[in-house]
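The values are calculated or read from the model by the stated rules, or taken from the named source; none is laboratory data. Remember, it's a predicted structure, so these values are computed and weren't measured experimentally. Because the Cβ atoms are built from the backbone with ideal geometry, glycine has one as well, and the counts that use them run over all protein chains shown.
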Amino acid sequence: MTLTLPIPENEFDRVLGLSELDLDYSNLNDKFKDLTKLAARVAGTDISFLNLIDSFTQWTVSNHGFPLEQMPREESVCQYTIMGPGQFEVKDLHADVRFKDKFYVKQDPNFRYYFGLPLITPQGLSIGALCVLDKEVKSLNPEKIELLKIIADEIVNRIAMLHTIQSLRHNLNEATEVKKRVAHDIRGPIGGIIGLAQLISKRGDSNKLEDVLQFINLIQKSGNTLLELADEILSSDVKSPEKSPELEEHEFNLLVLKDKLEKLYVPQARTKEVAFEVLVNPVNDIVPFPKNKLLQITGNLISNAIKFTPAEGRVTVALDLFFGEGTKTLHIQVSDTGVGLDQKLIEDFLKGTSSSTEGTKGEQGYGFGLPLVKYLIETLKGTIAIQSVPGQGSTIDVRLPID
């Protein structure tokens with residue numbers, strides 16, 4: 001029996017809102033494990049999860065009682081929780097046609113009870129769920145439910161705080177670089193003005209008129225330089241100098257991006273019995289660049305490639321950073337040996353009119369992964385190109401300018 005997947009009416013805005021938070025799903029557990037543990041204690045259950053749900057995957061970014069990290073979105077219970085503003089409860093997963101055949105119900109850990117609350121941002125977007133589970137049938141009283149709602153609200157607040165701190169750190173780093181540049185640039189003109197003034201003062205009456213006029217002209221030029229610098233600062237056009245290879249929190253380099261992608265997507269590939277590899281050009285592999293939306297863009301492309309690649313196939317990601325005259329460009333290429341795309345499907349995707357199709361193992365889709373990728377790339381003023389032969393696989397080429 002094929003069940004219709006639940007898709008929120010605002011699904012594109014929802015996945016876009018999650019991507020705008022620019023979260024790294026691989027390193028959030030320490031920031032939320034206290035709240036997931038508290039949720040289990042409050043509910044009196046053995047297990048609790050904090051799940052974020054994107055176009056393809058449910059990411060368990062914090063867990064208590066069971067070491068779950070991710071699962072296909074269509075396999076999850078939380079995909080139903082994000083449908084509404086209120087709670088979603090299943091008192092016996094074994095007796096529910098939607099879940100009785102899921103691997104986590106039929107096999108170890110044999111979940112029976114589920115209670116979930118959507119994580120709703122101030123913009124009204126349900127980006128995931130806080131859920132508690134147990135191996136026994138049970139129910140929660142209203143007092144416990146209210147306490148869980150408070151914990152869910154605190155999780156949303158903490159996510160927003162993390163995003164704000166990340167943005168502030170990025171702005172602070174930029175401001176520090178600007179301050180250094182300003183101090184350096186101002187030193188020269190001011191020194192010139194002081195030196196000329198001292199020279200005029202030292203000569204006293206021996207100054208000739210034409211010399212004084214020349215000195216005044218030089219002072220005027222130095223003053224104009226200071227004014228131009230002030231205008232540049234006020235118009236926010238000051239460019240920071242190249243940073244050292246030391247990475248800030250808002251930065252990746254090719255090696256770090258490779259490591260993140262392998263941690264996040266090797267499990268998906270293994271489940272599908274697909275070989276997965278990330279290749280890096282070693283020439284500029286430690287040069288830092290902003291991580292802005294890179295995990296969201298590349299991750300969606302990888303998940304889509306795995307979905308349409310059969311067992312014993314291969315998905316390869318190639319990463320490169322190259323320099324032009326005054327420019328820096330990140331090159332991301334995702335290739336697979338999957339079912340491929342015909343020309344009409346490629347054109348539909350590039351127009352933003354493509355629809356979801358089943359994967360090679362019957363995986364159902366939600367239809368918003370690739371449109372989100374296209375939107376994010378365009379927002380970052382990048383380009384995307386697709387080469388594909390039906391039955392032989394596809395290669396998606398993304399180029400993003402780096403400021």
Is it the case that the stretch 105-114 has a residue that's surrounded by fewer than 17 Cβ atoms within 10 Å (Cβ to Cβ) and either in contact (Cβ under 8 Å) with a residue 40 or more places away in the chain or over 26 Å from Ile306 (Cα atoms) (or both)? yes
I'd like to verify a number: residues in the stretch 261-283 that are closer than 14 Å to Ile332 by Cα and either in a loop (DSSP other than H, G, I, E, B) or not acidic (Asp, Glu) (or both), how many? 5
Assess whether Asp22 counts as being touching a residue at least 60 places away in the same chain (Cβ under 8 Å), on the phi > 0 side of the Ramachandran plot and of a type in the set (Asp, Glu). yes
Regarding Val105, is this residue part of a loop (DSSP other than H, G, I, E, B) and of a type in the set (Val, Ile, Thr)? no
How many residues does the stretch 84-138 contain that are closer than 18 Å to Gly44 by Cβ and of a type in the set (Gly, Ala, Ser)? 1
Under 20 Å from Trp59 (Cα atoms) and of a type outside the set (Lys, Arg) - does that describe any residue in the stretch 278-290? no
Confirm whether Leu125 is modelled with pLDDT of 95 or more, buried (at least 17 other Cβ atoms within 10 Å of the Cβ) and in contact with a strand residue (DSSP E or B) (Cβ under 8 Å, 6 or more places away or on another chain). no
Flag for Ile332 being outside any helix (DSSP H, G or I), surrounded by fewer than 16 Cβ atoms within 10 Å (Cβ to Cβ) and not polar (S, T, N, Q): no
Test Ser48 against the criterion of being surrounded by fewer than 18 Cβ atoms within 10 Å (Cβ to Cβ), touching a residue at least 60 places away in the same chain (Cβ under 8 Å) and assigned by TED's automatic domain parsing to the domain that holds Ile120, and give yes or no. no
Quick one: Val97 ticks every box in (1) crowded, with 17+ Cβ neighbours inside 10 Å; (2) over 23 Å from Lys31 (Cβ atoms); (3) touching a residue at least 40 places away in the same chain (Cβ under 8 Å); (4) aliphatic (A, V, I, L, M) bar one, so which box is it? (1)
Mind checking whether some residue in the stretch 54-76 is crowded, with 20+ Cβ neighbours inside 10 Å, under 16 Å from the mean Cα position of the chain (by Cα), among the hydroxyl-bearing types (Ser, Thr, Tyr) and not in a loop (DSSP other than H, G, I, E, B)? yes
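Residues are listed down the side, and each one gets a yes or a no for (1) surrounded by fewer than 19 Cβ atoms within 10 Å (Cβ to Cβ); (2) at pLDDT below 90:
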position: Gly313; (1), (2): no, no
position: Phe322; (1), (2): yes, no
position: Lys351; (1), (2): yes, yes
position: Gly359; (1), (2): no, yes
position: Phe368; (1), (2): no, yes
Which number in (1) in contact with a helix residue (DSSP H, G or I) (Cβ under 9 Å, 6 or more places away or on another chain); (2) surrounded by 16 or more Cβ atoms within 10 Å (Cβ to Cβ); (3) charged (D, E, K, R) marks the one condition that Arg14 misses? (1)
Only one of (1) more than 24 Å from Thr60 (Cβ to Cβ); (2) modelled with pLDDT under 90 does not apply to Glu249, and that is (1)
Applying the selection to the stretch 269-319, what residues are under 27 Å from His250 (Cβ atoms) and aromatic (Phe, Trp, Tyr)? Phe276, Phe289
Answer yes or no as to whether Gln79 is assigned to a helix (DSSP H, G or I) and modelled with pLDDT of 95 or more. yes
Do we have any residue at all in the stretch 138-146 that's of a type in the set (D, E, K, R) and in contact with a Phe, Trp or Tyr (Cβ under 7 Å, 6 or more places away or on another chain)? yes
How many residues of the stretch 366-403 are hydroxyl-bearing (Ser, Thr, Tyr), touching a helix residue (DSSP H, G or I) at 6+ places or on another chain (Cβ under 8 Å) and not in a helix (DSSP H, G or I)? The answer is 4
